[in-house]
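Shown next, in structure tokens, is the structure this report addresses.
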Amino acid sequence: MAGLYRLIGPALRRLPREAAHELTLRALELGAGRFLGATAAPEPDPPVLAQRLWGLDFANPVGLAAGYDKDARVPDAMLQLGFGFVEVGTVTPRPQPGNPKPRLFRLEQDQAIINRMGFNSGGLDSVCERLSRRIRSGIVGVNLGKNRNTVDAADDYAEGIRRAARLADYLVVNVSSPNTPGLRDLQHRAMLGSLLEGLTKVRDQTGCRVPLLVKVAPDLTSEECEDIAQVALETGIDGLIVSNTTVERPPDLVSRHAQEAGGLSGRPLFAPSTAILAEMYRLTQGRLPLIGVGGIASAEDAYAKIRAGASLVQLYTALVFTGPALVRQIKSGLATLLRSDGFASIAEAVGTAPIRQPFNRAEAAIPRQTSA
Ligand SMILES: Cc1cc2nc3c(=O)[nH]c(=O)nc-3n(C[C@H](O)[C@H](O)[C@H](O)COP(=O)(O)O)c2cc1C
């Protein structure tokens with residue numbers, strides 16, 4: 001499997017980034033997953049990786065982050081690559097094209113990506129239709145967004161919840177993508193409070209107690225972290241995903257495209273997103289499951305996120321650079337790390353890293369770039 005990826009990987013890398021992604025999705029839709037390591041009955045994961053959260057049984061904590069499969073075209077193929085769960089979306093209620101191309105840049109030397117896709121989406125109709133055709137096995141979450149021209153964001157999230165509640169194992173309110181004007185303002189205390197109060201009611205009215213999570217940005221001040229943690233606990237949402245891409249730029253980026261506008265993901269995001277994750281864990285006192293995302297490229301990285309407070313982790317960018325073999329590498333390395341530190345389960349390891357307080361944003365921060 002790794003052999004095949006080694007063969008086609010260089011060819012994919014020579015294509016424009018978005019064309020390579022589309023080609024990969026089409027190949028997966030046509031069943032090419034098994035040539036990349038997918039199996040109809042994947043080998044069982046080590047029991048130490050198993051976990052029950054929100055009433056769902058996760059065989060392992062390694063998930064595919066939102067943005068890879070925006071239109072729910074290949075969730076089952078991705079599960080068969082060994083992911084413990086897959087998040088599809090961001091999906092907007094109505095189809096929209098997103099930003100003009102080029103909008104996706106590979107920063108090879110930095111092991112990073114900059115994207116300003118702007119929620120290109122086939123819309124809820126097509127996503128719900130695909131999800132309703134699935135034979136449900138494996139955990140699939142749906143990440144919800146708003147259309148660019150929608151004035152009241154709450155209407156779009158509410159529609160997403162109503163339509164996807166019965167088709168998803170969990171739902172995500174994405175208020176943190178940097179490429180939709182005004183979206184990240186929804187993270188401010190008053191706006192977030194009223195948004196989430198309304199959306200938890202909409203979720204309850206569906207009669208389906210699907211877990212409702214919120215995905216946040218890594219570019220938060222300590223006050224903003226405090227506000228979000230408090231609102232999250234008060235409104236009774238089920239978890240936080242920390243974090244989306246950053247609009248900041250570390251000074252040591254060397255790749256040609258480093259100053260493109262958009263959200264930066266991958267290696268340079270690891271430290272700031274892990275710092276925010278640890279802070280969110282401290283502020284929520286472990287009362288809210290957290291999903292740690294940002295720059296995970298190895299078992300050690302995944303373990304660091306768990307020790308910083310994540311119950312589950314997700315990745316995207318490293319999958320593009322390393323290929324699908326990474327998922328199995330992370331899982332087996334993680335099982336070894338847990339056992340060698342004497343942990344009998346993921347839950348035992350969550351949040352065991354020493355807490356560095358008070359949270360020092362200046363240490364975690366990288367210089368801010370104008371927003372995309
Ligand atoms: C090309 C691309 C598109 C993305 N699209 C979305 C999206 O639609 N919704 C979302 O919540 N996050 C999106 N993300 C962010 C990822 O889900 C993830 O939070 C971020 O990339 C950090 O993880 P990573 O460093 O492992 O890539 C996208 C990331 C990339 C690279």
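The values are calculated or read from the model by the stated rules, or taken from the named source; none is laboratory data. Quick caveat: nothing in here was measured; it's all calculated off a predicted structure. Cβ placement follows ideal geometry from the backbone for every residue including glycine, while neighbour counts extend to all protein chains displayed. When the accessible area is computed, the model is the full protein with side chains, heavy atoms only, and any ligands, DNA or RNA have been set aside. Shrake-Rupley method; radii C 1.70, N 1.55, O 1.52, S 1.80 Å.
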- Figure the gain on full extension for E18 and E223 (residue separation times 0.36 nm, minus the Cα-Cα span) and round it to one decimal in nm. 70.1 nm
- Query: In the chain, what % of DSSP beta bridges are antiparallel (nearest 5)?
  - Reply: 35 percent
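Over region 204-304, consider all pairs of different Cα atoms and compute the Kirkwood hydrodynamic radius from their mean reciprocal separation; express it in Å, one decimal.
Values: mean 1/r = 0.0679 Å⁻¹.
With all distinct Cα pairs of region 204-304 included, I get 14.7 Å.
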- Query: Along the three principal axes, how long is region 263-356 when you take its alpha carbons, biggest first, rounded to the nearest angstrom?
  - Reply: 35, 33, 19
- Computed on alpha carbon atoms, what radius of gyration and Dmax characterise region 156-207, expressed in Å? 11.6, 33
- Relative counts (whole %) of C-alpha pair distances in the chain, using bins that are 20 Å wide: 31, 63, 6
- Quick one: in region 62-141, what % of C-alpha pairs are over 20 Å apart? 40 percent
- Kirkwood-based Rg to Rh ratio, region 242-288, C-alpha trace: 1.09
- Could you let me know the centre-to-centre spacing of region 251-308 and region 154-191, using Cα atoms, in angstrom? 21 Å
- Total formal charge among the other residues, if their Cβ is under 15 angstrom from that of P95, Lys/Arg +1 and Asp/Glu -1: +2
- Here region 87-186 gives, from Cα atoms, an Rg and Dmax in Å of 14.3, 43
- Message: Please report the carbon-and-sulfur percent of the accessible area for the chain; probe 1.4 Å, protein heavy atoms only, DNA, RNA and ligands left out.
- Response: 53 percent
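Placing +1 at every Lys and Arg Cβ and -1 at every Asp and Glu Cβ, with all other atoms neutral, what dipole size does the chain have around its Cα centre, in debye to the nearest 20?
With Lys and Arg at +1 and Asp and Glu at -1, about 860 debye.
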- Query: In Å, what Rg and Dmax follow from the Cα atoms of region 175-252?
  - Reply: 13.5, 50
- Query: Which ³J(HN,Hα) values, rounded to whole Hz and listed in residue order, are derived for region 88-100 from phi using the Karplus coefficients 6.51, -1.76 and 1.60 in 6.51 cos²θ - 1.76 cosθ + 1.60 with θ = phi - 60°, glycine and proline given as x?
  - Reply: 9, x, 5, 10, 9, x, 9, x, 8, x, x, 6, x
- Under the Karplus curve 6.51 cos²θ - 1.76 cosθ + 1.60, θ = phi - 60°, whole-Hz ³J(HN,Hα) for region 342-352, x wherever Gly or Pro sits: x, 8, 8, 7, 4, 3, 5, 8, 4, x, 8
- Query: In the structure shown, do any of K215/K305; K70/K201; K146/K331; K146/K201; K70/K146; K305/K331 have a Cα-Cα gap over 24 Å, and if so which?
  - Reply: K70/K201; K146/K331
- Item | Of R163, R17, R52, the one that fluctuates the most in a GNM where the chain has Cα springs shorter than 10 Å | R52
- Cut-off 13 Å between beta-carbons: net charge of the residues surrounding R130, Lys and Arg +1, Asp and Glu -1: 0
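Quick check: convex hull of the Cα atoms in region 84-126, volume per residue, rounded to a whole Å³?
That works out to 85 Å³ per residue.
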- Query: Could you give the length gained on full extension between R26 and Q329, defined as 0.36 nm per residue of separation minus the Cα-Cα distance, in nm?
  - Reply: 106.6 nm
- If N is the residue count of region 141-184, its Cα Rg over 2.2 N^0.38 Å rounds to 1.13
- Note on the structure: Stokes-Einstein D for region 127-222 (20 °C, 1.002 mPa s, Kirkwood Rh from Cα pairs), in µm²/s, comes to 153 µm²/s
- Note on the structure: Packing-ranked peptide list from 18-31, 167-180, 193-206, highest mean Cβ count within 10 angstrom first, is 167-180, 193-206, 18-31
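How large is the translational diffusion coefficient of region 268-312 in µm² per second when you combine the Kirkwood radius over alpha carbon pairs with Stokes-Einstein at 20 °C and 1.002 mPa s?
Rounded to a whole number, D works out at 211 µm²/s.
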